[in-house]
Structure formats: structure tokens, C-alpha cells
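Following: one structure in C-alpha cells, then a few remarks.
Each reported figure results from applying straightforward, stated rules to the coordinates on display, with no laboratory input. Model, not experiment: these values are computed from the prediction. Counting neighbours? That spans all protein chains shown, and the Cβs are built from the backbone with ideal geometry, glycine included.
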Amino acid sequence: MVDDHEKAVKLFSAEAAASGDSRLRQFAQATLPALRAHLQSAKQLTAVSDARDKAMEHATTMDGAPAHQSPTKPASADETPLNAPPSSVPAAATRTH
């Protein structure tokens, strides 16, 4: 994300400074402030994301297990999946007339 914004600022800066087309040069000059603001936002978002990821590497849950790992306990045999058909309803009761 930051790389793309840096490329855009570089391209628009070049056009704003040296374009032979006055309308293109004016457009590039008018657009550069917004592109620079977007670049700053992208850098800030990247910094926050990197800090969050680094913090999560060391985070733990209340029981002391690493926060970024999923539980590894397999479901027991008596646990029924949520999408399983009810076994207590006879097949005849589910037919429509």
C-alpha cells in the first residue's frame, strides 16, 4: 500500500514539474496534496498494523496460552455439529403433505 502511494506521488510530482501539457501539469499540481496526505495515512496505518502484529506475538489469553493459537482440543464424540439433522424427529414427521 505504501509503495503504491509512493509511486503515485513520484509520478504526479514529475508531471507537475515538467509536463508539456499545461492541463495535465495543473491537474498533477492540484492532486499532489491529496496524494501526499494519502501516503502519510498509509504509512501511519502500516505502523499501527506492524505494532499490533508485534504485540500479538507476545499476547496471551487469561489462561496463559498464546492468544494467536486456536484451541487444539478435538470435538468429543458426544458433541453434535450444529448443522446435523435432529435424530429425535422421526422421518415421517418431517414429510410435507
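Listing for the model above:
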| quantity | calculated |
| --- | --- |
| Relative counts (whole %) of C-alpha pair distances in the stretch 2-57, using bins that are 5 Å wide | 4, 21, 20, 16, 12, 8, 7, 5, 3, 2, 0 |
| Protection-proxy order for peptides 41-52, 10-21, each taking the mean of Cβ atoms within 10 Å per residue, highest first | 10-21, 41-52 |
| Cα lying deepest toward the dipole's positive end in the stretch 2-57, options Ala14, Val2, Leu24, charges on Cβ | Leu24 |
